[in-house]
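Working notes, beginning with the structure itself.
The values are calculated or read from the model by the stated rules, or taken from the named source; none is laboratory data. Note that the coordinates shown come from a computational prediction; the quantities given were computed from them, not determined experimentally. With ideal geometry, Cβ positions are generated from the backbone for all residues, glycine too; neighbour counts draw on all protein chains shown. Accessible surface areas use protein heavy atoms only, side chains included; no ligands, DNA or RNA. Shrake-Rupley method; radii C 1.70, N 1.55, O 1.52, S 1.80 Å.
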Amino acid sequence: MGQRQQLTVAQLCAELDIARSTFYEWRAKGRAPRCIKLPNGEIRIRRSDLDRWLDAHIEEAAA
């Protein structure tokens with residue numbers, strides 16, 4: 001796969017099992033993964049950015 005994988009907002013929401021409104025709320029608050037805004041206004045999220053964002057939100061289980 002020569003092209004970097006990019007997710008649509010719908011794909012990201014499905015993967016995280018969140019509502020689209022939740023994603024946009026996170027984005028407005030600066031809490032969403034890094035996004036790419038295409039010239040046509042659509043948003044994409046690089047798989048690598050999502051993975052890095054998920055890694056940053058790992059919580060250790062309480063002992």
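Here are a few things to note about the model shown:
- Qualifying residue in the range 16-26 (condition: modelled with pLDDT under 95 and open to solvent by 90 Å² or more (accessible area, probe 1.4 Å)): no
- All positions within the range 14-62 that are farther than 19 Å from Arg4 by Cα and aliphatic (A, V, I, L, M): Ala14, Leu16, Ile18, Ala19, Ala28, Ala32, Ala56, Ile58, Ala61, Ala62
- The range 27-41 - residue that is out of contact with any Leu (no Cβ under 7 Å at 6 or more places or on another chain) and closer than 18 Å to Arg52 by Cβ and, of those, surrounded by the fewest Cβ atoms within 10 Å (Cβ to Cβ): Gly30
- Flag for Glu42 being out of contact with any strand residue (DSSP E or B) (no Cβ under 8 Å at 6 or more places or on another chain) and either at pLDDT 95 or above or at negative phi (or both): no
- Any chance Arg44 is of a type in the set (Lys, Arg) and open to solvent by 90 Å² or more (accessible area, probe 1.4 Å): no
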